[in-house]
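**Student:** One structure is given below, represented as structure tokens, and several questions about it will come after.
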Amino acid sequence: MKRIVPVPRAARSLHAVFTADPIEPVADLAAPPSSLLRRFGASDDDLVALSHRPHAHAFPLEAPLDTVAEQLADTRREALTFAAEHDGVVVDLLVPRVVAPSQTDPAVASHWVALDLGDGRLSSRGLEAFGLPELQAEAGDGVRTAMILAIAMGLAQRLITEWPGHDPVGPAAVTLHDIALAFADPEPAPREPALDVMIDYDDEHLVVTVLGDLQALFT
């Protein structure tokens, strides 16, 4: 079967640890703007800590797709260990967001993927680290937006798990089980019913259209 989404030779990501004192080799990197970090979950304490830590130590990664998830987790753990030893703050510059010590499981999508809302659309950040295009979808408003956010993260979970063995374009389904896995929810979640979606590729993004009844999945 012909593939539609191109499979890159390798996936790339970049973490940085910001410290108060320079530690060689110092990277010529600045922390992302506070407004952007706050948008992706940074707390006031995170931003204050970063403001006092101007020096960056880089943890780049380029890895083949068959091992990228494990290498990505290993790189983040290395950065977190370095930060603990040098009173630093870890930032995933691909998203960008401040990384918590608990966010190291390569099988949990929310540890690596963030969702952004703007102009009525939802966009993902972080799938690129696995060699995937980012997601886009119509966000809606009110309760629908919250449900679309959950669906997008559940779909991200499926994509990370199935890529690159499975081309994502075409019909797909998302369950509460997928969403629970994406957020590392310890409570068991049902695999039925499933919400049908269609995934298209516009040469840059995976464009997701919800086909099924959102309300039926969450009630």
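The values are calculated or read from the model by the stated rules, or taken from the named source; none is laboratory data. Note that the coordinates shown come from a computational prediction; the quantities given were computed from them, not determined experimentally. Heads up, the Cβs are rebuilt from the backbone with ideal geometry, glycines too, and the neighbour counts pull from every protein chain shown.
Here is a yes/no grid of residues against (1) polar (S, T, N, Q); (2) touching an Asp or Glu at 6+ places or on another chain (Cβ under 7 Å); (3) more than 26 Å from Pro8 (Cα to Cα):
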position	(1), (2), (3)
Leu117	no, no, yes
Thr145	yes, no, yes
Asp185	no, no, yes
Met198	no, no, no
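**Student:** Could you list all residues from the range 69-91 that are touching a residue at least 24 places away in the same chain (Cβ under 8 Å) and surrounded by fewer than 16 Cβ atoms within 10 Å (Cβ to Cβ)?
**Tutor:** First, the residues of the range 69-91 that are touching a residue at least 24 places away in the same chain (Cβ under 8 Å): 69-70, 72-73, 75-77, 79-80, 82-83, 86-91.
Matches in the range 69-91: Glu70, Arg77, Asp87.
Residues checked against (1) without any contact (Cβ under 8 Å) to a residue 60 or more places away in the chain; (2) in contact with a strand residue (DSSP E or B) (Cβ under 8 Å, 6 or more places away or on another chain):
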{"residue": "Leu135", "(1), (2)": "no, yes"}
{"residue": "Ala156", "(1), (2)": "yes, yes"}
{"residue": "Pro171", "(1), (2)": "yes, yes"}
{"residue": "His177", "(1), (2)": "yes, no"}
{"residue": "Ala180", "(1), (2)": "yes, no"}
{"residue": "Asp185", "(1), (2)": "yes, no"}
{"residue": "Ala189", "(1), (2)": "yes, yes"}
{"residue": "Val197", "(1), (2)": "yes, yes"}
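**Student:** Evaluate the following for Ser102: is it more than 18 Å from the chain's Cα centre (by Cα) and surrounded by fewer than 20 Cβ atoms within 10 Å (Cβ to Cβ)? Before the answer, list the steps.
**Tutor:** Working: more than 18 Å from the chain's Cα centre (by Cα): no; surrounded by fewer than 20 Cβ atoms within 10 Å (Cβ to Cβ): yes.
In short, no.
**Student:** Can I ask one more? Test each condition in (1) within 19 Å of the chain's Cα centre (by Cα); (2) touching a residue at least 40 places away in the same chain (Cβ under 8 Å) for Ser35 and report the one that comes out false.
**Tutor:** Ser35 satisfies all of (1) within 19 Å of the chain's Cα centre (by Cα); (2) touching a residue at least 40 places away in the same chain (Cβ under 8 Å) except (2).
**Student:** Among the residues of the range 122-152, write down those that are in a helix (DSSP H, G or I) and of a type in the set (D, E, K, R).
**Tutor:** Of all residues in the range 122-152, those in a helix (DSSP H, G or I) come to 127-130, 143-152.
Selection gives Glu128, Arg144.
**Student:** Let me ask something else. So is Ala129 buried (at least 18 other Cβ atoms within 10 Å of the Cβ), within 10 Å of the chain's Cα centre (by Cα), more than 12 Å from Ile160 (Cα to Cα) and among the small types (Gly, Ala, Ser) or not?
**Tutor:** Numbers: buried (at least 18 other Cβ atoms within 10 Å of the Cβ): yes; within 10 Å of the chain's Cα centre (by Cα): yes; more than 12 Å from Ile160 (Cα to Cα): no; among the small types (Gly, Ala, Ser): yes.
No; evaluated as a whole, the condition is false for this residue.
**Student:** Can you pull out every residue in the range 36-68 that is acidic (Asp, Glu) and crowded, with 18+ Cβ neighbours inside 10 Å? Explain how you work it out, then say what you get.
**Tutor:** Keep residues of the range 36-68 that are acidic (Asp, Glu), which gives 44-46, 62, 66.
Answer for the range 36-68, where residues must be acidic (Asp, Glu) and crowded, with 18+ Cβ neighbours inside 10 Å: just Asp46.
**Student:** Here are Ala58, Ala16: which of them is in contact with a helix residue (DSSP H, G or I) (Cβ under 8 Å, 6 or more places away or on another chain) and touching a residue at least 40 places away in the same chain (Cβ under 8 Å)? Explain how you work it out, then say what you get.
**Tutor:** Working: Ala58 fails: in contact with a helix residue (DSSP H, G or I) (Cβ under 8 Å, 6 or more places away or on another chain).
Of the residues listed, the single one that is in contact with a helix residue (DSSP H, G or I) (Cβ under 8 Å, 6 or more places away or on another chain) and touching a residue at least 40 places away in the same chain (Cβ under 8 Å) is Ala16.
**Student:** Looking at (1) among the aliphatic types (A, V, I, L, M); (2) in contact (Cβ under 8 Å) with a residue 24 or more places away in the chain; (3) in the same structural domain as Ala79 (by TED's automatic domain parsing), which is the one condition that is false for Ile4?
**Tutor:** If we test Ile4 against (1) among the aliphatic types (A, V, I, L, M); (2) in contact (Cβ under 8 Å) with a residue 24 or more places away in the chain; (3) in the same structural domain as Ala79 (by TED's automatic domain parsing), just (3) comes out false.
**Student:** Please report, ordered by residue number, the strands (runs of 3 or more DSSP E) entirely within the range 153-219 with at least 1 residues that are touching a Cys at 6+ places or on another chain (Cβ under 8 Å) and modelled with pLDDT of 95 or more. Walk me through it before giving the result.
**Tutor:** Values: elements: 170-175, 194-201, 205-210.
Those strands (runs of 3 or more DSSP E) do not exist here; none qualify.
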